[in-house]
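Below is one structure, written out as structure tokens, with a few remarks after it.
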Amino acid sequence: MRRLNALRAIAVAAGLVIAATGCGVTSGGGSTTTSGAADSGPLTGLRIMVPNTPGGGYDTTARTAAKVMNETKTATNVEVFNLAGAGGTVGLARLVNEKGNKDLTMLMGLGVVGASYTNKSEAKLTGTTPLARLIQEPGAIMVPKDSPYKTINELVDAWKKDPSKLAVGGGSSPGGPDHLLPMQLAQAVGIDPKKVNFVSFDGGGDLLPAILGNKIGFAASGAGEYIQQIKTGSVRVLATSGAERLEGVDAPTFKESGIDLEFTNWRGIVAPPGVSDADRDRIVAALTKMHGTEEWKAALKDHGWTDAFITGEEFSTFLKEQDTRVADVLTKLGLA
């Protein structure tokens, strides 16, 4: 855990979060190679690396995808393992160094994009092989069940009185979604972002004990990572950041609460550089099959995720755009 001072001008970061719409399915470039790979039987030997601790959003997404792929015979014996550190850049460095490894993939998202710059990582996502963007989800402002704050407006009122006293926790490094969300919220409600006391945790698995143990005033993260705690009432959601209410979560959106803010996070999967087109297309074909299953559709609903599936050149272009925007924003903030 490390304490970070919020930075001025964070509002410019709003432009780098893509609220993906039109989540149509592509076929990994539409090549006949993909079709052929799709007909060659279940994928075998696939490993999905999670670049942060167990229990977080990347971990949950990876293990859900692996479970669905195994259950539907889209792939067999899919293995998920964790390699945490430096906001995901330890895992990213390993992925980039395993050039041509057709069995290794990594679950990633906006947080890794930001961390690759704030941690001065030599490895960048532009050096990986894009496979698919899987999901997007709104952020959530959460408190433990015994918090004195019952609504987002009560929390904001207390936050305004002394922004530095009320610590906000997030499961990402500077530039990641759990950092950007409270900074943009602060600006939206008239709080100077540089006065915000942000505490960074290495993933949702580390953030959860801090929420439950009242170590922070409130948390900003994706609700899907804490769905079981939300259902049991040990964690309460005060508001969510999407355009619409999150299904299964009894909480208003920011806009319903009079706060003019929308924010969306995303997650996807990439492979090492140097993977052959045929091997890339076979993984993409398996992910595309998984995406079409009823089991995956049920998982999206259960976790409060929005289908944001794209592959091929569309995902590659999306990653390049995100990388450029994050780099520009963090450079302006003095973090890159």
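The values are calculated or read from the model by the stated rules, or taken from the named source; none is laboratory data. Because the structure is predicted, anything quoted here is derived from the model rather than measured. Quick reminder, even Gly has a Cβ in these numbers, built from the backbone with ideal geometry, and neighbours come from all protein chains shown. Accessible surface areas use protein heavy atoms only, side chains included; no ligands, DNA or RNA. Shrake-Rupley method; radii C 1.70, N 1.55, O 1.52, S 1.80 Å.
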Six or more apart or on different chains, Cβ under 9 Å: which pairs go from a residue in the range 186-197 that's small (Gly, Ala, Ser) and open to solvent by 20 Å² or more (accessible area, probe 1.4 Å) to one that's modelled with pLDDT under 90 and not in a loop (DSSP other than H, G, I, E, B)? Could you list them? Ala188/Ala11
Within the group Glu137, Glu79, Glu122, Glu71, which residue is open to solvent by less than 40 Å² (accessible area, probe 1.4 Å) and acidic (Asp, Glu)? Glu137
So how many residues does the range 257-279 have that are within 21 Å of Gly41 (Cβ to Cβ) and either small (Gly, Ala, Ser) or surrounded by 23 or more Cβ atoms within 10 Å (Cβ to Cβ) (or both)? 5
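Looking at Ile227, Ile216, Ile191, which one is within 18 Å of Pro54 (Cα to Cα) and not acidic (Asp, Glu)?
Of Ile227, Ile216, Ile191, the one residue that is within 18 Å of Pro54 (Cα to Cα) and not acidic (Asp, Glu) is Ile227.
Residue by residue, here is whether (1) at pLDDT below 95; (2) hydrophobic (A, V, I, L, M, F, W, C); (3) within 22 Å of Leu181 (Cα to Cα) holds:
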| position | (1), (2), (3) |
| --- | --- |
| Gly204 | yes, no, yes |
| Ile211 | no, yes, yes |
| Val237 | no, yes, yes |
| Ile259 | no, yes, yes |
| Ala278 | no, yes, no |
| Arg282 | no, no, no |
Do we find that Thr128 is open to solvent by less than 10 Å² (accessible area, probe 1.4 Å), among the hydroxyl-bearing types (Ser, Thr, Tyr) and in contact (Cβ under 8 Å) with a residue 24 or more places away in the chain in this structure? no
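Taking Arg245, is it open to solvent by 20 Å² or more (accessible area, probe 1.4 Å) and either touching a Phe, Trp or Tyr at 6+ places or on another chain (Cβ under 6 Å) or touching a residue at least 24 places away in the same chain (Cβ under 8 Å) (or both)?
Spelling it out, it is not the case that Arg245 is open to solvent by 20 Å² or more (accessible area, probe 1.4 Å) and either touching a Phe, Trp or Tyr at 6+ places or on another chain (Cβ under 6 Å) or touching a residue at least 24 places away in the same chain (Cβ under 8 Å) (or both).
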Tally the residues that are of a type in the set (S, T, N, Q) and crowded, with 21+ Cβ neighbours inside 10 Å, restricting the search to the range 289-305. 0
